[in-house]
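**Student:** I'd like to ask some things about the structure below.
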Amino acid sequence: MLKTEHYIVITPRSVVLNGKAIEVNETGSKMLVELYRRYVGDYPKFFKMDTLCRLGFIAAEILIKESGRSPDAVILANRSASIKNDTDYLATISEGNYYPSPALFVYTLPNIVTGEIAIRQAIQGETAFYILDQEEQLEPIILSTLHSKRSTVLAGWCECSKENEFYAKIQLYGTID
């Protein structure tokens, strides 16, 4: 059985940390910037990130600050990979003008968010991003990671289909009882 130590749910209009709402003044992607300024503020690379990466990064930062513990592994998943950024990248390519944006290209990989979290937190353990049909499919993956000598795993669902359409439910799991 998984032991959830802390969790956060972020939607375009709300943030809930361990069952308590965090007051926000903005909505959508502007809310993510508001949360960054309130809880992080010292990672300028945040402003180069796409929305999916910002969402996961902010969720992780808030959870880790709340718990006071850095995870040994980061495992995230969603249904649509990096579709929002893939669409943005494709829009930079046009007939007769094939100069796609290299700044957008890096974010056409959904695992960039797990990498950014690992870099920020100096996590040297497992980082993975899975494309799954449903959130429930993530549980066996988390269980197998905890069984592989991990004491704390940051894991959850991190979905972003458009700039202001996103959802994250990320949890900090402890060892199995």
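The values are calculated or read from the model by the stated rules, or taken from the named source; none is laboratory data. Note that the structure is a prediction, hence the values are computed from the model and not measured. Here Cβ is always computed from backbone atoms with ideal geometry, including for glycine, and neighbour counts include all displayed protein chains.
**Student:** Conditions: (1) closer than 20 Å to Thr114 by Cβ; (2) in a strand (DSSP E or B). Ala21 meets all but one. Number of the miss?
**Tutor:** (1)
**Student:** With the requirement that a residue be part of a loop (DSSP other than H, G, I, E, B) and over 15 Å from Lys162 (Cβ atoms), what does the stretch 1-18 give you?
**Tutor:** Matches in the stretch 1-18: Met1, Leu2, Asn18.
**Student:** Also: Any idea how many residues of the stretch 24-53 are in contact (Cβ under 8 Å) with a residue 40 or more places away in the chain, within 21 Å of Thr127 (Cβ to Cβ) and assigned to a loop (DSSP other than H, G, I, E, B)?
**Tutor:** Residues meeting the conditions: 3.
**Student:** Return the residues of the stretch 57-105 that are part of a loop (DSSP other than H, G, I, E, B) and closer than 26 Å to Gln134 by Cβ; say none if nothing qualifies.
**Tutor:** Scanning the stretch 57-105 gives Pro71, Asp72, Arg79, Ser80, Ala81, Ser82.
**Student:** Can we say Glu139 is outside any strand (DSSP E or B) and farther than 14 Å from Ile64 by Cβ? Break it down into steps so the answer makes sense when it comes.
**Tutor:** Values: outside any strand (DSSP E or B): yes; farther than 14 Å from Ile64 by Cβ: yes.
In short, yes.
**Student:** Also: Considering Val153, Val106, which residue is among the β-branched types (Val, Ile, Thr) and within 24 Å of Leu90 (Cβ to Cβ)?
**Tutor:** From the options Val153, Val106, the qualifying one is Val106.
**Student:** Determine the pairs where a residue that is at positive phi and in a loop (DSSP other than H, G, I, E, B), located within the stretch 143-158, has a partner that is surrounded by fewer than 21 Cβ atoms within 10 Å (Cβ to Cβ) and at pLDDT 90 or above with Cβ atoms under 9 Å apart, the partner being 6 or more residues away or on another chain.
**Tutor:** Lys149/Asp72
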